[in-house]
Amino acid sequence: MTIDIIDHFFSSLEGVRVKDTFDLFRIDYKTNDLKLLKEIFTKENYTTINEELKKHEYSWDVSIDELDYSISQNSFSTPNIDDESFDVVVEFNIYKTSNRVVIFDESLFNDFINKIDYENLLLAIKRKPAPIEFINDSSVFYGDSNIIILGNTKDSVEKANLSYQCNFRNYNQINFSPNYFHLPNVNDQLSVLETKLKKLNFVYCLVYICNSSEIHENNLDVTISGNKTLKYSLNINEDLDLEAANHYYNIYKWIYSESTKIEDKLGLSRNIITSYLKEDSISIDGSVFNSILSSNQIYVKGNINKYFEVRNKIIEQIEQTISKVNQSLDTFFNNFQKNILIFLSFFLSIFIYKISRNGDVEKIFNEDTSMIGLYFVAISACFLLVSYIIYRMDKKRVGERYENVKKRYQDVLIQDDIDKIINNDAEYKDEIKFLEKRIGWYVSLWIISIILFVVILFLTSSYLNLTSLT
């Protein structure tokens, strides 16, 4: 491990001070044997240490002020040492610049975590990109049990959607969400770091639930208003019970699980929470969350009749709009029928007239009736075009009315509810698909009937013949 390699190279020196923090690991060695430094600061040793620290993407440096000597990850030189003998201090600094925080000395790191106040710890975490990995260097490197990860999910990393009903005075400086500090896989025996992070999860649950909040050093001031208004000035280390943290986290997750219902759920939760809270404690038990869920059920049932009333109105208006699709189809079909009837009536009337006059059915149409037939063909083609244009206009108008019906109820229902009621436009799309398919058949039959009538007209006309078309 990294610390073992460092200790190996500097084992002949006396360690006088060690520091392990969130951003820095520092160790000072003292010696008066200057020749020994030449044996330590060789190119080979420098390369070994540099390669090890590159694994963490850390920068580092070593300095000896008494000799005006320094090296870093970017430069190396051999110390210029005379035969003199005097005390010097070798200062070795490792800068934890990446999002991987290696704990080189667990005892010293725990002392640092215990001493740093929560506000400054949050500011230190803020400087690190997520996800942040805390790795114990003294254990098996990258073993799962030795890594604590913050901000490991998308919900944790994204800026929190804090309700406008919550006034968090530190929002611009330390705007985390409870998810960021949620540690789902920790044991019952919490380490010093895990305990501190669990407390931060609790703190942000209160921030996201209470009306106002502020973090300063190790204190959290909150105000929550529901059935009554309560104010607390809490020492985060002493006044926050980690058992209650789980209950508050469940409430927080439920409130913020649906972005469109946050404000309603927040008001309901505050009413229930304040009815259970005591003036000298922010702690709650699991019954509070159960009461919130039960109260929400009562609230929903109390408004269910209004919901179904609006729902039925939407369904009714949607069905009326979709019925326009069938009306458009009926109109087009009626026009098609009229076209066929006109052709048949014209042909039969000429045919019957011809038989009744002279019985000759080889050439039914003369010049005049042939021209009239061609006129009917032109009228039919125009009628087909106009009918299709009207169908396209009707289809567009139905689509616009359908969208207007949905928009009309957006002030009453959320978009998710509207989508569920209309089944994500499934019925409307099926009707439009059916309409387009039927119209396609009618247009095809109409065109075929025109072509067929033209062919019959040429075959039975004494005036027109197929050779005249070539």
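Starting from residues that are within 17 Å of GLU316 (Cβ to Cβ) and not aliphatic (A, V, I, L, M), keep the ones in region 374-402 and report whichever is farthest from the chain's Cα centre (by Cα).
Step one: list which residues in region 374-402 are within 17 Å of GLU316 (Cβ to Cβ), which gives 398, 401-402.
Checking the rest, the ones that are also not aliphatic (A, V, I, L, M) come to 401-402.
Values: ARG401: 31, TYR402: 29 Å.
If we take residues in region 374-402 being within 17 Å of GLU316 (Cβ to Cβ) and not aliphatic (A, V, I, L, M), then ARG401 is farthest from the chain's Cα centre (by Cα).
Can you tell me which residue within region 154-172, out of those that are modelled with pLDDT under 55 and in a loop (DSSP other than H, G, I, E, B), is surrounded by the most Cβ atoms within 10 Å (Cβ to Cβ)?
At the first step, the residues of region 154-172 found to be modelled with pLDDT under 55 are 154-159.
Subsequent filtering for residues that are in a loop (DSSP other than H, G, I, E, B) retains 158-159.
Numbers: GLU158: 13, LYS159: 8.
Applying the filter and picking the extreme gives GLU158.
Can you go through SER259, SER269 and tell me which one is surrounded by fewer than 13 Cβ atoms within 10 Å (Cβ to Cβ) and either within 18 Å of CYS205 (Cα to Cα) or touching an Asp or Glu at 6+ places or on another chain (Cβ under 7 Å) (or both)? Talk me through it step by step, then tell me what you get.
Values: SER269 fails: surrounded by fewer than 13 Cβ atoms within 10 Å (Cβ to Cβ).
After ruling out the rest, the residue left standing is SER259.
Determine which single condition PHE289 fails, assuming it passes every other condition in (1) farther than 30 Å from LYS433 by Cβ; (2) modelled with pLDDT under 80; (3) not acidic (Asp, Glu).
For PHE289, the exception is condition (2).
Within region 48-85, can you find the residues that are open to solvent by 90 Å² or more (accessible area, probe 1.4 Å), part of a helix (DSSP H, G or I) and not acidic (Asp, Glu)?
If the condition is that a residue be open to solvent by 90 Å² or more (accessible area, probe 1.4 Å), part of a helix (DSSP H, G or I) and not acidic (Asp, Glu), then LYS54 is the only one that fits.
Please go through region 170-202 and pick out each residue that is more than 20 Å from ASP221 (Cβ to Cβ) and polar (S, T, N, Q).
Those that are more than 20 Å from ASP221 (Cβ to Cβ) and polar (S, T, N, Q): ASN179, ASN185, ASN187, GLN189, SER191, THR195.
Tell me the residue from ASN93, ASN45 that is more than 29 Å from ARG127 (Cβ to Cβ), polar (S, T, N, Q) and surrounded by 15 or more Cβ atoms within 10 Å (Cβ to Cβ), please. If you could, list the steps in order and put the result at the bottom.
Numbers: ASN93 fails: more than 29 Å from ARG127 (Cβ to Cβ).
Only one candidate qualifies: ASN45.
What's the number of the only condition in (1) hydroxyl-bearing (Ser, Thr, Tyr); (2) at pLDDT below 90; (3) closer than 30 Å to LYS35 by Cβ that TYR95 fails to meet?
The number of the failed condition is (2).
Out of (1) exposed (fewer than 15 other Cβ atoms within 10 Å of the Cβ); (2) under 44 Å from the mean Cα position of the chain (by Cα); (3) within 30 Å of VAL192 (Cβ to Cβ), the odd one out for GLY15 is which?
Unmet for GLY15, out of (1) exposed (fewer than 15 other Cβ atoms within 10 Å of the Cβ); (2) under 44 Å from the mean Cα position of the chain (by Cα); (3) within 30 Å of VAL192 (Cβ to Cβ): (2).
The values are calculated or read from the model by the stated rules, or taken from the named source; none is laboratory data. All values reported here derive from a predicted model rather than from experimental measurement. Neighbour counts run over all protein chains shown; Cβ positions are idealised from the backbone, glycine included. Quick note on the areas: whole protein, heavy atoms, side chains included, nothing else; ligands and nucleic acids left out. Shrake-Rupley method; radii C 1.70, N 1.55, O 1.52, S 1.80 Å.
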